[in-house]
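Report on the structure given below.
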Amino acid sequence: MKRRVVITACSAITPIGYGQQSIVESLRLGRSGIKPLRDDGLLTGHIHSRVFGTVDYPIDYAFNRSQRKTMGPVAYYACQVAKDVLEASGLSKESIASGRLGVAFGSTHGSPTVQRDIYQTFFQSLETEFSSIGAVDYLRSMVHTTAVNITRMFGITGRVIASSTACTTSSQAIGFGYEMIKFGVQDAMLCGGADEYDTTTVAVFDNLLACSVGYNDCPSRTPRPFDKKRDGLVVGEGGAAVLLEEYESAKQRGAAILGEVIGFACNNNGGDLILPNLDGITSTLRLALDDANIEAKEVDYISAHATATKMGDIIESQAIEAVYGQSPYVTGLKSYTGHTMGTCGAMELIMTLYMMAEDFLAPTLNLQEIDPRCARLNYTPEVIEASTRIAAIQNFAFGGVNTCLLIKNGNEVV
Amino acid sequence: MQEKILTILVQDFEFQEPGLDDNLRDDHGFDSIDAIELLGKIERILGFSLTREEKEKAMEIRTINDILDYLERIQQGRAQ
């Protein structure tokens, strides 16, 4: 059984805005979401990179205590975008709880804020402080906290997939959700990812010399994907969710069809856990085309992973050239948001859906002089008014995990 | 002690107008996770850790009066 899978609702909390209107406005105006790193009283004094893709606007959460008690900051993002998606979908309470709707949602490592609080109690001398570590702290901090807080809040009883593969967390979630529906295991999947404000991740990448450090005084000028003067990634935060549904049932109930997931691939480099791998990435892009049963020339637009690390951008550009040549437009959307880790795949997919819906393509911010070591591609230097029929969303993670999602414009779904 | 417990239930657990004989679960949506969280707060009030047996006893609590009786028994037990 192979069924078609469409996207019927989406929502994203991003460093450049919340909701389609503000995100599109930022993309069109070239508004960066990179801000100075906030002091956490612990690690920031030791970190060289002083920039972060920050959600700095208030969000009107309306969760009651019963819902909040098992949620760390990461689950707030996750449940808010999940709530938006379910409300926008128009799905009935009965179908949400029917067992035919599942959840595929993840984060890089649960809630580091709560984990930090737990670790701090180890250094307390009071026995009562130690014994206060309990089930609630675990539920707030565990790796699958986003997925199960969503199931709990909305009474979802279907499959739960809690991918946690760093930068491919949410692209995997969407890909695995797509496969659940395609092969008839579920009829709908709520998919996405979230990651909260966290200096631990910044410290890790900083120690690996992967973070941007040269633009601390002018945060909006970094990251700089494919630019000659790029100096690394900028960690960011946010949450993003999409609702995937089986095409026939979505059409039958009159659901809005924002796009169709026509292909997905996920593989591993089978070796080094850090360095990007040209063969592995190239293979992923080709496998996705095979899954969609389309030719490379049919893809109009590529949302590149493009973290702005020195080697990552070069290898990805070479893989794109090998598979697609120089035809499709290529944008590095992290130039706006920073690298939102477990969120980035879903966030970049949603930004692409918005651009598809409004017939434009955003340029890569801060791309002033293309690095001659990157392959010659159709980089977007400015806003392009163009309709996109098929887009590729590419993401690659530590651990050698690669993903590619192929999305068809909702207006083209017949 | 009654005032302290009521303050915790109102401020931390968002109870609306708690009555001493209200059923914690039915009237205020108090569940097993809340019970574990409340025990942590009770330990802070008492200033010592509860034993596993004492914590298991707490799972029989159904009302605020039960919480107050439970605390009294714990304190009497420790005083002996």
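We did not get these values from a lab; they are worked out from the coordinates using the rules stated. Predicted model, so just to flag it, every value in this text is computed and none were measured. As a convention, Cβ positions derive from the backbone with ideal geometry for all residues, glycine included, and neighbour counts pool all protein chains shown.
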Check: Once amide H atoms are placed 1.01 Å from N in the peptide plane, what residues at a sequence separation of 5 or more from A:ILE262, or on another chain, have their amide H within under 5 Å of its amide H?
Finding: A:LEU406, A:ILE407, A:LYS408
Check: Using DSSP loop states and a limit of at most 14 other Cβ atoms within 10 Å to flag GluC sites (Glu not before Pro), what is the longest stretch of chain A containing no flagged site?
Finding: A:1-294
Note to self: I need the phi-derived Karplus couplings for segment A:136-146: 6.51 cos²θ - 1.76 cosθ + 1.60, θ = phi - 60°, integer Hz, Gly and Pro marked x.
What the structure shows: 5, 4, 5, 4, 7, 10, 5, 4, 9, 4, 5
Check: Using θ = phi - 60° and the Karplus form 6.51 cos²θ - 1.76 cosθ + 1.60, what ³J(HN,Hα) does each residue of segment B:15-32 get, whole Hz, x for Gly and Pro?
Finding: 5, 9, 6, x, x, 4, 9, 4, 7, 4, 6, 5, 8, 10, x, 6, 10, 4
Item checked: Alpha-carbon centroid distance for the pair segment A:336-367 / segment B:43-80, whole angstrom -> 54
Checklist line | segment A:5-412 - charge dipole about Cα centre, Lys and Arg +1 at Cβ, Asp and Glu -1, debye rounded to 20 | finding: 340
Notebook entry, point to check: Under the definition of Cα pairs under 8 Å and six or more residues apart, what whole-number percent is the relative contact order of segment A:5-412?
Noted result: 23
Next item on the list: Taking only Cα atoms and a 10 Å spring cutoff, compute GNM fluctuations for chain A and point out the largest among A:GLY236, A:GLY30, A:GLY106.
Entry: A:GLY30
Margin query: Pairwise over distinct Cα atoms, reciprocal of the mean inverse distance: report the Kirkwood radius of chain A in Å, one decimal place.
Written below: 21.0
Margin query: In whole Hz and in residue order, list the ³J(HN,Hα) couplings for segment B:3-12 that follow from phi through the Karplus curve 6.51 cos²θ - 1.76 cosθ + 1.60, θ = phi - 60°; x for Gly and Pro.
Written below: 5, 4, 5, 4, 5, 4, 5, 7, 6, 8
Notebook entry, point to check: How many angstrom separate the Cα center of segment A:379-393 from the Cα center of segment A:140-156?
Noted result: 35
Checklist line | Loop trypsin sites (Lys or Arg not before Pro), segment A:7-39, which have at most 15 other Cβ atoms in a 10 Å radius of their Cβ (DSSP) | finding: A:ARG38
Item checked: Residue among A:GLN394, A:VAL235, A:VAL85 farthest towards the positive dipole end of the protein assembly as shown, charges placed on Cβ -> A:GLN394
Notebook entry, point to check: Along the charge dipole of segment A:5-412, Cβ charges K/R +1 and D/E -1, which of A:MET311, A:GLY53, A:SER111 sits furthest on the positive end?
Noted result: A:SER111
Item checked: Qualifying GluC sites (Glu not before Pro) in chain B, DSSP loop, other Cβ atoms within 10 Å at most 15 -> B:GLU14, B:GLU60
Check: By the scheme Lys and Arg +1, Asp and Glu -1, what is the net charge of all other residues having a beta-carbon under 12 Å from that of A:LYS408?
Finding: -2
Next item on the list: Extending each Cα 7 Å along its Cβ direction at B:GLN11 and A:ARG116, get the distance between those two points in nm, one decimal.
Entry: 2.5
Check: Which percent, to the nearest 5, of DSSP beta bridges fully inside segment A:5-412 are antiparallel?
Finding: 70
Item checked: Pairs of Cα atoms farther than 21 Å apart, chain B, % -> 20
Next item on the list: Report the full-extension gain for the segment A:SER22 to A:ILE294: residue separation times 0.36 nm, less the Cα-Cα distance, to one decimal in nm.
Entry: 94.6 nm
Checklist line | Over 30 Å between alpha carbons, listed pairs B:LYS4/B:LYS55; B:LYS4/B:LYS57; A:LYS182/A:LYS310; A:LYS93/B:LYS55; A:LYS83/B:LYS55 | finding: A:LYS182/A:LYS310; A:LYS93/B:LYS55; A:LYS83/B:LYS55
Checklist line | Cα-Cα separations in segment A:161-303 greater than 26 Å, expressed as whole percent | finding: 40
Check: What is segment A:305-388 by shape, rounded, prolate or oblate, if you read a ≥ b ≥ c off the alpha carbon gyration tensor as root eigenvalues and call it rounded for a/c under 1.5, prolate for a/b larger than b/c, and oblate otherwise?
Finding: oblate
Note to self: Springs between alpha-carbon pairs under 10 angstrom, Gaussian network model over chain A: which of A:ASP290, A:ASP231, A:ASP313 fluctuates most?
What the structure shows: A:ASP290
